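Novice: Please read through the structure below; I'll follow up with questions.
The values are calculated or read from the model by the stated rules, or taken from the named source; none is laboratory data. Bear in mind that the values here come from a model prediction, so they are computed numbers and not experimental data. All Cβ positions, even for glycine, are placed from backbone atoms using ideal geometry, and neighbour counts span all protein chains on display. With ligands, DNA and RNA removed, areas are computed over all heavy atoms of the protein, side chains included. Shrake-Rupley method; radii C 1.70, N 1.55, O 1.52, S 1.80 Å.
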Amino acid sequence: MISNQYSPADFELTSRDVVGRFAPSPTGRMHLGNLLTALVSWLSVRSRAGRYILRIEDLDPQRSRIEYARLIEEDLHWLGLDWDEGGVENIGEHGPYLQSQRSGFYLDALHRLSDLGLTYPCTCTRADILATQAPHRTDSSVIYAGTCRPSVMPRPLGSPFPAPLRPHSIRLWIPDHTVIDFTDRVYGDQSVPLDSECGDFVLRRADLAWAYQLAVVVDDALMGITEVVRGNDLLSSSARQIYLYRLLGYPVPEFAHLPLVSNPAGQRLSKRDLSLAMDYMRDRFSPQQIIGWLAHIAGLIPSPEPCTPRDLIPVFSWHSIPSAQAVTVSPLS
Ligand code: GLU
């Protein structure tokens, strides 16, 4: 039996118009880290009678598979997590809900930014960028050194760039010393200098694939999302997204990032952690066991006792979500 250990004051975020979303990339079966995001984003919305959207982020044509999207839906149903809009069947008025079907919206946004004189073509390859980036970062993200950046930006209105003949990406010009401040619901105040975080970033890749940063902002804005809940690997990229929201004139949602889930060796979960992936876990555990385990990891219940997502609605509080960088889990036994 789960007791309500929190006071109503925890629900200061109450609003009738909360719209949240889960936005998985269908590149494999979900693992425990994805499930934590799904459960917490769902509880945050359901505890305030909001609307919940499932968006399929299949921007990467090489790695995305519709079969994985269907398995994600099937796994969410099995766990007892429902949604009001979205999914591969495109149910709802803000569709389509697969990013591969939303190019027209991204193109409109790109045109708006280009019309403001804020974009330019870049013919650098990844190897060029890795060779020139400075300062070097220890994580895998890449800072663009500005090799193709025109000397005069923003570009004077009415003077479009001749498109280079070579394949080229389109980058967004970021004025020097741009710093984005925001408050994350879990990690608190953030201050992100965009030039040392990423530099001018890509909006559309040379192979014409849309960049995640542009697509996620356009989709969250057009779908009326009021809160973005996801893993903290995307915490700093929220700054790029806030910058885009402002340029495009969209209201900025609230951001809440969750600790990453690590395996017992302290590594972030990957497709190799088979014992923490859905196919393995579904063969061995009930949905209630997995939900109870996730709720315990999320700090919502003191021990991992079996329960349903609905049982957790009364005890859900953002105050109990751990703000550690990562939470380490061992396979359920
Ligand atoms: N599609 C991303 C993922 O599966 C999540 C992006 C987001 O929530 O903004 O990791």
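Novice: Considering each residue of segment 75-115, count those that are over 30 Å from Tyr280 (Cα atoms) and open to solvent by less than 20 Å² (accessible area, probe 1.4 Å), and give that number.
Specialist: Applying the first criterion (over 30 Å from Tyr280 (Cα atoms)) to segment 75-115 yields 92-96, 101-115.
Checking the rest, the ones that are also open to solvent by less than 20 Å² (accessible area, probe 1.4 Å) come to 102, 106, 109-110, 113.
Residues in segment 75-115 being over 30 Å from Tyr280 (Cα atoms) and open to solvent by less than 20 Å² (accessible area, probe 1.4 Å): 5 in total.
Novice: Only one residue in Gly188, Gly199 is under 18 Å from Ala145 (Cβ atoms) and not charged (D, E, K, R). Which one?
Specialist: Details: Gly188 fails: under 18 Å from Ala145 (Cβ atoms).
Going through Gly188, Gly199 in turn, just one is under 18 Å from Ala145 (Cβ atoms) and not charged (D, E, K, R): Gly199.
Novice: State which residue pairs qualify: first residue under 11 Å from Pro167 (Cα atoms) and inside segment 198-212, second residue outside any strand (DSSP E or B) and of a type in the set (Lys, Arg) in any location, beta carbons under 8 Å apart, and separation of 6 or more residues or different chains.
Specialist: none
Novice: Do you know which of the residues in segment 219-255 that are open to solvent by 30 Å² or more (accessible area, probe 1.4 Å) and within 11 Å of the ligand (Cβ to nearest atom) is nearest to Leu172 (Cα to Cα)?
Specialist: Leu234
Table: residues versus (1) of a type in the set (D, E, K, R); (2) within 26 Å of Ala326 (Cα to Cα); (3) open to solvent by 30 Å² or more (accessible area, probe 1.4 Å); (4) out of contact with any helix residue (DSSP H, G or I) (no Cβ under 9 Å at 6 or more places or on another chain).
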site	(1), (2), (3), (4)
Gly117	no, no, no, yes
Ala145	no, no, yes, no
Thr178	no, no, no, no
Phe182	no, yes, no, no
Tyr187	no, yes, yes, no
Leu194	no, yes, no, no
Phe201	no, no, no, no
Arg205	yes, no, yes, yes
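Novice: Out of the residues in segment 17-42 meeting the condition of being within 8 Å of the ligand (Cβ to nearest atom) and part of a helix (DSSP H, G or I), tell me which one is least open to solvent (accessible area, probe 1.4 Å).
Specialist: Among them, the one singled out is Thr37.
Novice: Determine which single condition Glu73 fails, assuming it passes every other condition in (1) closer than 30 Å to Ala295 by Cβ; (2) in contact (Cβ under 8 Å) with a residue 40 or more places away in the chain; (3) within 18 Å of the chain's Cα centre (by Cα); (4) not in a loop (DSSP other than H, G, I, E, B).
Specialist: Unmet condition: (2).
Novice: Give the residues of segment 248-291 that are of a type in the set (Lys, Arg), more than 20 Å from Asp82 (Cβ to Cβ) and over 22 Å from the mean Cα position of the chain (by Cα), sorted by residue number. Steps first, please.
Specialist: Pass one, segment 248-291, residues of a type in the set (Lys, Arg): 268, 271-272, 282, 284.
Now drop any that are not more than 20 Å from Asp82 (Cβ to Cβ), which leaves 268, 271-272, 284.
Once the filter is applied, which keeps residues that are of a type in the set (Lys, Arg), more than 20 Å from Asp82 (Cβ to Cβ) and over 22 Å from the mean Cα position of the chain (by Cα), segment 248-291 yields only Arg284.
Novice: I'm trying to understand the selection: among the residues of segment 149-166, which are surrounded by 10 or more Cβ atoms within 10 Å (Cβ to Cβ) and modelled with pLDDT of 80 or more?
Specialist: Hits for segment 149-166 are Arg149, Pro150, Met153, Pro154, Arg155, Pro164.
Novice: So, Asp60, is that one within 15 Å of the ligand (Cβ to nearest atom), at pLDDT below 95, charged (D, E, K, R) and open to solvent by 20 Å² or more (accessible area, probe 1.4 Å) or not?
Specialist: Details: within 15 Å of the ligand (Cβ to nearest atom): yes; at pLDDT below 95: yes; charged (D, E, K, R): yes; open to solvent by 20 Å² or more (accessible area, probe 1.4 Å): yes.
Yes.
Novice: Also: Quick check on Arg70: is it away from the ligand (no atom under 12 Å from the Cβ) and open to solvent by less than 70 Å² (accessible area, probe 1.4 Å)? Steps first, please.
Specialist: On the way: away from the ligand (no atom under 12 Å from the Cβ): yes; open to solvent by less than 70 Å² (accessible area, probe 1.4 Å): no.
No, not satisfied.
Novice: Can you list residue pairs whose Cβ atoms sit under 7 Å apart, with the first residue in segment 20-31 being in contact (Cβ under 8 Å) with a residue 60 or more places away in the chain and the second being within 8 Å of the ligand (Cβ to nearest atom) and open to solvent by 10 Å² or more (accessible area, probe 1.4 Å)? Count only pairs 6 or more apart in sequence or on different chains.
Specialist: Phe22/Thr37; Ala23/Glu57; Met30/Pro24
Novice: For the list (1) among the charged types (D, E, K, R); (2) open to solvent by less than 30 Å² (accessible area, probe 1.4 Å); (3) in contact (Cβ under 8 Å) with a residue 60 or more places away in the chain, I need the number of the one condition that Arg46 fails.
Specialist: Every listed condition holds for Arg46 apart from (2).
Novice: Any idea which of Arg272, Arg310 is modelled with pLDDT under 90, open to solvent by 40 Å² or more (accessible area, probe 1.4 Å) and either closer than 21 Å to Tyr52 by Cβ or among the charged types (D, E, K, R) (or both)? Explain how you work it out, then say what you get.
Specialist: Working: Arg310 fails: modelled with pLDDT under 90.
The conditions single out Arg272.
Novice: So if I check each of Ala211, Ala215, which one is crowded, with 19+ Cβ neighbours inside 10 Å, within 14 Å of the ligand (Cβ to nearest atom), closer than 19 Å to Phe255 by Cα and among the hydrophobic types (A, V, I, L, M, F, W, C)?
Specialist: Numbers: Ala211 fails: closer than 19 Å to Phe255 by Cα.
The unique qualifying residue is Ala215.
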